[in-house]
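Read-outs throughout are calculated quantities, based only on the coordinates presented, and are distinct from any laboratory measurement. On a predicted model such as this, the values are computed, not experimentally measured, just so you know. Glycine also receives a Cβ, built like all others from the backbone with ideal geometry; neighbour counts cover every protein chain displayed.
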Amino acid sequence: MKRTLIACCYGLALTAAGTDLDDVAALGMLTNAPTMQLADGFQSMENLKAIYFDALDYQGKPTKVFAWLGLPESCEGKVPGVVLVHGGGGTAFKAWVQKWNEKGFAAISIAVEGQTDLKNPKGKDPDNPSGWTAHAWAGPRRKGIYGDSGEPLKDQWMYHAVADTILANSLLRSLPEVNADQVGLMGISWGGVITSTVIGIDDRFAFAIPTYGCGSLATAENQYGRTLGNNELYKRVWDPMVRLNGANMPTLWLSWPGDSHFPLDKQADCYRAMPGATMISLIPGMKHGHGAGWNPPDSYAFASSVVSNGAPWCRATDAHVMNRCAVATFESVEPLEEAVLVSTVDSGVTGSRKWTQAEAVISEKGEHRWHVSAPLPSETTAWFMNVKRDGLTVSSAYQMVP
């Protein structure tokens, strides 16, 4: 009797997980452009507007998403586009849209916690440190690290954040000025987690740029692992790893070795699971933040290369150790100027380790192929190679040394 009861409970759990997976997958069907309206009280211009667009109901009430929507000043024919998703403490950033507009992209930056970009100092709390003002059509806010996992799936913040991102894609690609086949997605920190999740659900994106944020966090050796280690809903439903093997678009994984939130080994789990063309940029000294994430030129160069040529301008194809030397191979349509080995002898969370740089030897090996090597310091525990061109950084995959 007891064994039968356990089997029944296990079967119910699997059924519930399967239903949740189906409900999340169904978000990929939100392909109709949502209705949008101008947002009153904001300084909109002809090519840069504050808007609201309709989103999913929350607890029986309609919701809207606040966003900044911008087009390049001169649009000759249809232009590529990008959906932008903020991280913790962020909002829909007008400045981020403007940066992409300057690069020739249409852009929409969305606020995924029911907020505008107006501040109310009295509204500050641990999950809203900037005090962004909630609007009248707000959905759920983020509660820590998947802190609402006990709520019904369709009341959870990640469910709505994913839906908001897919709806923003449907809206942007519906504009007559935008090339619907060249719309990408970029997210910073928690926005990177959302990006990592969405690209396994919505296959319409032409490219993706998860910045810092990633999946595989239940086994991270920091606050994410401590919080998510026993969270079965995250493991079965929300971990981006559940779907990344179906994400085929070119993807740039942008971060830095000192990031204390999203470890390099967890990020590596994600890009190794993807079948598409993967580019990695791990920039020493980059820091963690919204400006720190959108200021480097690497994301814009990557996106421009993909929409122009269908592939990243450079990517690593191999990395291994041979005779105590670290060796990596890169494919690049542009000549590479210099290379360094970035390594550590420490253990623990990658963001807490000391990372050192040493010059590496770079040589051309056939058309568009480059060979990079450097002696591996004794007692090295992890490493990767960085190659550079015109201020851009491309990295080999993160490698652990047994």
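Here residue 59 and residue 304 are evaluated by their C-beta separation; at R0 = 56 Å the FRET efficiency comes out at 0.85. Span-like helix criteria (full DSSP H runs; alpha carbon extent of at least 24 Å along the helix axis; mean Kyte-Doolittle hydropathy of at least 0.0) are satisfied in the chain by 2-25, 157-174.
Determine the alpha carbon to alpha carbon distance for each of 103/124; 64/122; 78/122; 61/122; 154/354 and list only those over 32 Å. Don't skip to the answer; put the middle values down first.
Values: 103/124 34 Å; 64/122 23 Å; 78/122 43 Å; 61/122 26 Å; 154/354 42 Å.
Exceeds cut-off: 103/124; 78/122; 154/354.
Dipole of the chain, Cα-centred, from +1 at each Lys and Arg C-beta and -1 at each Asp and Glu C-beta, to the nearest 20 debye?
On the way: 33 positive and 40 negative charges, 161 e Å.
The dipole of the chain has a size of about 780 debye.
For residue 21 and residue 318, a Förster radius of 45 Å and the Cβ-Cβ distance give a FRET efficiency of 0.85, rounded to the nearest 0.05.
Across the range 226-239, coupling constants 3J(HN,Hα) worked out from phi with the 6.51/-1.76/1.60 Karplus curve, θ = phi - 60°, read 5, 7, 9, x, 10, 8, 5, 5, 4, 4, 8, 10, 9, 4 Hz, and Gly and Pro carry x.
How big is the Kirkwood radius of the range 111-194, worked out from every pair of different alpha carbons and given in Å to one decimal? 14.4 Å is the Kirkwood radius here. Helix content alone sets the calculated 222 nm mean residue ellipticity of the chain: runs of n ≥ 4 DSSP H residues at -39500 (n - 2.57) each, divided across all residues, give -7000 deg cm²/dmol. Each 5 Å bin, from zero up to the one with the longest distance, holds this percent of the alpha carbon pairs of the range 189-345: 2, 9, 17, 21, 21, 16, 9, 4, 1, 0. Straight-line cross-link partners of residue 235 among the aspartates and glutamates, defined as a Cα under 19 Å from its Cα and at least 8 positions apart when in the same chain: 20, 22, 23, 148, 151, 155, 221, 265, 269. Tell me, what is the FRET efficiency for residue 236 and residue 364 to the nearest 0.05, using R0 = 60 angstrom and their Cβ-Cβ distance as r? Rounded to the nearest 0.05, the efficiency is 0.80.
Rg/Rh for the chain stands at 0.98; both radii use Cα atoms, and Rh follows the Kirkwood definition.
Since only 283, 96, 217 are under comparison, the one whose Cα sits farthest along the positive direction of the charge dipole of the range 2-312, derived from C-beta charges on Lys, Arg, Asp and Glu, is 217. The value of relative contact order for the chain, using C-alpha pairs under 8 Å at least six residues apart, is 11 percent.
Here each label is just a point 7 Å from Cα along the line to Cβ, and for residue 333 and residue 43 those points are 3.9 nm apart. Mean-square fluctuations from a GNM of the chain, with a 10 angstrom spring cutoff on Cα atoms, peak among 330, 262, 105 at 330.
How large is the Kirkwood hydrodynamic radius of the range 332-402, in angstrom, based on all distinct alpha carbon pairs? Working shown, then result.
Numbers: mean 1/r = 0.0773 Å⁻¹.
The answer is 12.9 Å.
Within the shell defined by Cβ-Cβ distances under 15 Å, the residues around residue 276 carry a net charge of +1, with Lys and Arg each +1 and Asp and Glu each -1.
Take the range 43-123, drop everything but the C-alpha atoms, weight them equally and run the Debye formula without solvent; then report log10 I(q)/I(0) at 0.13, 0.19 Å⁻¹ to two decimals. Values returned for q = 0.13, 0.19 Å⁻¹ are -0.44, -0.83. The ellipsoid equivalent to the alpha-carbon distribution of the range 137-243 has semi-axes of 26, 16, 11 angstrom, derived from the gyration tensor eigenvalues as √(5λ) and listed largest first.
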